[in-house]
Each structure stands twice: as structure tokens, then as C-alpha cells.
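The values are calculated or read from the model by the stated rules, or taken from the named source; none is laboratory data. Quick caveat: nothing in here was measured; it's all calculated off a predicted structure. Cβ sites come from the backbone with ideal geometry, for glycine too, and all protein chains shown count toward neighbours. Calculation scope for accessible area: heavy atoms of the full protein, side chains included, ligands and nucleic acids excluded. Shrake-Rupley method; radii C 1.70, N 1.55, O 1.52, S 1.80 Å.
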Amino acid sequence: MAKRRFSTPRATTLIVASSIGTYLLILTGVSNALANTANACSGWPLCNGPWFGSPETTLVFGHRIAAFTVGLLLLWTGYIVLTQSHSSKVRFGLGAALLLYPFEVFIGAQAAVSGTTTAISTIHLVFALTIFSALMAALVWQLEAHDSERVVQTDDPNPEPSPDDEDAKPGSAEPKNPGPLTIGRAYLRLTKPYLWWLLGLVALASMGLAAQGIPPFGTALATIAGGVLAIGASGTFNNVLERDRDKLMARTNDRPLVTDIIPPHRAVAFGFLLLGASMAVFLSFVNVLAAGLGLLAVLFYSVVYTVILKPNTDQNTVIGGAVGALPALIGWAAITDSVGMPAIVLGAVVFLWTPAHFYNLALIYKADYARAGFPMLPVVRGEQTTRRHIAAFLGATMLAAVLLGTASGLGPLYATVAVLFGALFLVATVRLHRIQTDLAAKRTFIAANAYLGAVLFAVVIDTMIV
């Protein structure tokens, strides 16, 4: 039976719009607070003076207009959800958001009339984050209800096996022809160079935050170089340890160790050479703390993730996200020889983003992972659960991005980028639930990469240029 579209797409769309609107309010509010624009518009709800008399007044009054608009949107969403046949969990999430929103407005009004204090600003932010969390929870529960509806509608008492089910059975993948591959390119491929730009950008953003400007060129160059060498060592050890499983996966059965272009013992030696070079760069041109964190990253990815987590638990991607968070700590340590709160929050953004990003690949290559015996989430708990986890981790990532803006004093550029690309990522994630295809998962994967890349570039530009 053909899959039916959502019975009430309007409600889902309204919840998404309310979530994006609330997120916009949060980040513009944070930007206004950091820019100390509240004094430019002390009256409420209207300013005591021209509404657009100065850039500061325009920002504050614009925020209030947006708050009024989002309030109306939230009322409309609540009416649709609470008066129609929706699950009790969805109603609870919307009801919580509706209940908290007037208190959020009241706190903002008090701050405008009596003056903003740290305590009021903190309470205001906590209420806003709670409202956004309630809306995102309602969205995840709404998607869960749609998934359950699909199961009921498409269940067949005598289902025939699908090609995907056959592909998921253990066996051997059809080998690919890797084409001509020189020894140099083969060794380069062991290092997983597609990870360099992203993790290097995380470290660079963290260095910008620590320096509150352009970091020393030599230190930045050495940190990026040491990090790239550490990534290369991690990737090489991963290739060595997973070579037997790689043979079973169509995605990886053309890797240099699988095709015998490079013998395992030479790959191991190459990995240790890269690791030694990484430590030499860190110790010679950066500091001991950065070297220690770099070594920890290699050990975590090569041993904890590859050997312990990935073959044994469906939480491998979640816990393994700590590897991606470590470059944030390394970048901060390179400048300050310590670990600061902004670096920890930036690391949390990457940590929470990792499952929302990688689960899309896990959906696309579900049969591959099942064939190789990896207990990835879609293999163990199913595709519907995986899609809901993508939405949940995206919501958590967006919350962490707000905290990053607050902890780091980032400005309007960061807020604009975080809202715009967060909205694109969220829309792609919801679309993945509606169009459950590999192409939709690939587009969500691309949206995830675009989101983190844009946010990191915004941090770099904000701290080093703006």
C-alpha cells in the first residue's frame, strides 16, 4: 500500500514555525543584551521616544514586534493542536509553551521598565530556552505520532521481504573498483582528509574566542598542523582496526587496507609516525596541555570509539561525539594554556551536533552497517527512531548554540547565521520524516554540515574581524 502523507501537516508546520520564531527571539534578545541596547528603549510596550530614532532603539523595538508576532503564531499553533486530535504529549508540549510565554513577556516588560539586571536577564533567558525546548519536544512527539500512524496504515499481515531487508543480511558486499590509486594517495586516504576542514575550523573558532581577536599566526598554524596530524593518525588506526569489517561494506570495501595497496604493518607504522609528528609539533610550538588533549583525541577515537563503542553499542555515535568536541578544547588551550567555559560550550555544540549529523549517514548505509555487524541506531532500533533522534539532537544543538553566543559575547552576525542555518537544518529534518528516502537523508546530512560550518565561520568572523 502506498504511504500516505501526514493527516495534519498544518499542525507540524505551525510547530516548526513557532520553534523557529522563538529561536529567533532568543538569539536577537541575547544580542541586544550583550550590546546593552535596553536603555535605548526604557518604556514598555512602546519606547519613550521615536521607535526608530537610533540603531539601538530599532533593535529593541524590532525585538518587541517580533515577540508580539511570535506570540500570535504560538496562539494559532496552540489552537490548532489543542482543538484537534493530537496526542497528549504534543498537547502537553504546546500547553507548556503557551503557559510560559506570558511570564516570559512579563519578565521582559519588567526589565524594560525597572532596568535590566543579571538576575532578570538570566531568568528571561531560562524561560525562553524552556519555551523553545517545550516546542521542540512537541515537534518530536508530533513526528512520533505520524510515524505510528504510518505503521498502522502501511502494515501488511503478510509482508513480502524487501530488497533492503535482503541487503541487510550478513554477507559480502560487491567490491568496487577503486581505480588507479597511487601509494601517496592511498596513504592520504588513510588519514580521512575530509575531516580536516571541519575539526580544524572548530579549533580555529575556539582560538578566536580565546584570543578575542586574531590569534598569533604561528600558534594558530602549529595548532592546526598538529591537529591535522592527530586526525590522520586516528583515521589510520581506524582503517587498520576495521579492515575486516570494511570488506563487508560497499561504502568502504575499496579502502587501501582492504584492497591490499598498503599492508597493515606499514599502515600501523604510518599511524605512529603521524602521532609522533603531531606530538612534536604541539610540544615544540604550542604547549603541553594541547599535546595532551591531542593524544587523548587519538586514543579516544582509535581505542574507545573504534574498538569498544562502535562494535558494541548503538550509543556509539553519541558517546563518540566527544572526539569532535576535543578540538574546541585544544584551540582554547593553545592560546591560554587552560580550558575555559566558552571552549566547553563550543565543544558541547559539536558533541550534540554529531548524532544529528551522522545518523543521516547511518540511515543511508543501514544495510552496509548491518552486514558488517555494527549496531548503529537504525539497525538496532529502526529508522523511525533514528529520524526522531535527529530532530531531538538538533534541538539540543540549537540550545547549546544559544549558550555559546551568551558565554562568548557573540553579536548579531552570529545570531543571524545560527537562526538561518538552524531553520534550514530543522526544515530538512522534518522533510526527512515526510519523505523517507535516502535522498532526503542526504539532503539533511548536507544541511547538517552547512549548519555547523556556517556557525563556526560566524564565530571566526565575529571574533577576529567584527
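Computed values, structure above
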{"item": "Exceeding the 19 Å Cα-Cα cut-off - candidates Lys247/Lys366; Lys366/Lys442; Lys310/Lys442", "result": "Lys310/Lys442"}
{"item": "The range 240-314, accessible area per residue, ligands and nucleic acids excluded (1.4 Å, Å²)", "result": "46 Å²"}
{"item": "Solvent-accessible surface (1.4 angstrom probe) belonging to Thr416, in square angstrom, nearest 10", "result": "90 Å²"}
{"item": "Principal semi-axes in Å for the range 333-415 [√(5λ), Cα gyration tensor, largest first]", "result": "32, 15, 9"}
{"item": "For the range 207-284, alpha-carbon Rg and Dmax in angstrom", "result": "16.4, 48"}
{"item": "Label-point gap, in nm, between Leu273 and Lys192 - each point 7 angstrom along Cα→Cβ", "result": "2.1 nm"}
{"item": "Fraction of accessible area attributable to carbon and sulfur, the range 267-377 (%, probe 1.4 Å)", "result": "77 percent"}
{"item": "Per residue Cα convex hull volume in Å³ - calculated over the range 259-324", "result": "102 Å³"}
{"item": "Accessible carbon and sulfur surface of the range 174-260 relative to its total accessible area, %, 1.4 Å", "result": "64 percent"}
{"item": "Carbon plus sulfur fraction of accessible area for the range 63-137, probe 1.4 Å, in percent", "result": "76 percent"}
{"item": "Accessible surface, per residue, of the range 343-466 when the full set of protein chains is kept, probe 1.4 Å, Å²", "result": "32 Å²"}
{"item": "Packing-based order for 228-241, 191-204, using average beta carbon neighbours within 10 Å, highest first", "result": "228-241, 191-204"}
{"item": "Calculated FRET efficiency for the pair Thr336/Leu73, C-beta based, R₀ 30 Å, to 0.05", "result": "0.10"}
{"item": "Rg(Cα) / (2.2 N^0.38 Å) computed for the range 393-466, rounded to two decimals", "result": "1.18"}
{"item": "Stretch gain in nm, segment Val288-Leu420, where the contour uses 0.36 nm per residue and the Cα spacing is subtracted", "result": "43.7 nm"}
{"item": "With eigenvalues of the C-alpha gyration tensor scaled by 5 and rooted, the range 383-425, Å", "result": "25, 11, 4"}
